[in-house]
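**Student:** Right, I'll just put the structure down here and ask away after.
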Amino acid sequence: MRANVGDVLRFTGRRVGTPEHRATVIEVLGPGGGPPYRVEYADGRQTEIFPGPGCLVEADEADLAAPPHVG
């Protein structure tokens, strides 16, 4: 898994009926965009996490709009 500051991590429920939750990456602590990540939840809580298999990365829209870096 690779993520950048501003990306959103979506944690899907492992059981039926378990709600999904999201957290925004505020710091990448691993090499090359890898975990662990410091994240912030909508309620302001912050924590350091190593995402598991039920986690998806949604790229920050500003990253998607930027032209690719050549060099």
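The values are calculated or read from the model by the stated rules, or taken from the named source; none is laboratory data. Given the structure is predicted, the values throughout are model-derived calculations rather than measurements. Note: areas computed on protein heavy atoms with side chains; ligands, DNA, RNA excluded. Shrake-Rupley method; radii C 1.70, N 1.55, O 1.52, S 1.80 Å.
**Student:** Quick check on Gly52: is it in a loop (DSSP other than H, G, I, E, B), within 12 Å of the chain's Cα centre (by Cα) and either at pLDDT below 90 or under 12 Å from Gly6 (Cα atoms) (or both)?
**Tutor:** So Gly52 passes the test.
**Student:** Right, something else. I need the full set of residues from region 17-49 which are open to solvent by less than 30 Å² (accessible area, probe 1.4 Å) and either of a type in the set (Lys, Arg) or in a strand (DSSP E or B) (or both), in order please.
**Tutor:** Within region 17-49, Ala23, Val25, Tyr37, Val39, Ile49 meet the criteria.
**Student:** State the number of residues belonging to region 1-16 that are open to solvent by less than 60 Å² (accessible area, probe 1.4 Å), of a type in the set (A, V, I, L, M) and not in a strand (DSSP E or B).
**Tutor:** Selection size over region 1-16: 1.
**Student:** Quick one: would you say Thr18 is among the polar types (S, T, N, Q) and modelled with pLDDT of 95 or more?
**Tutor:** In short, no.
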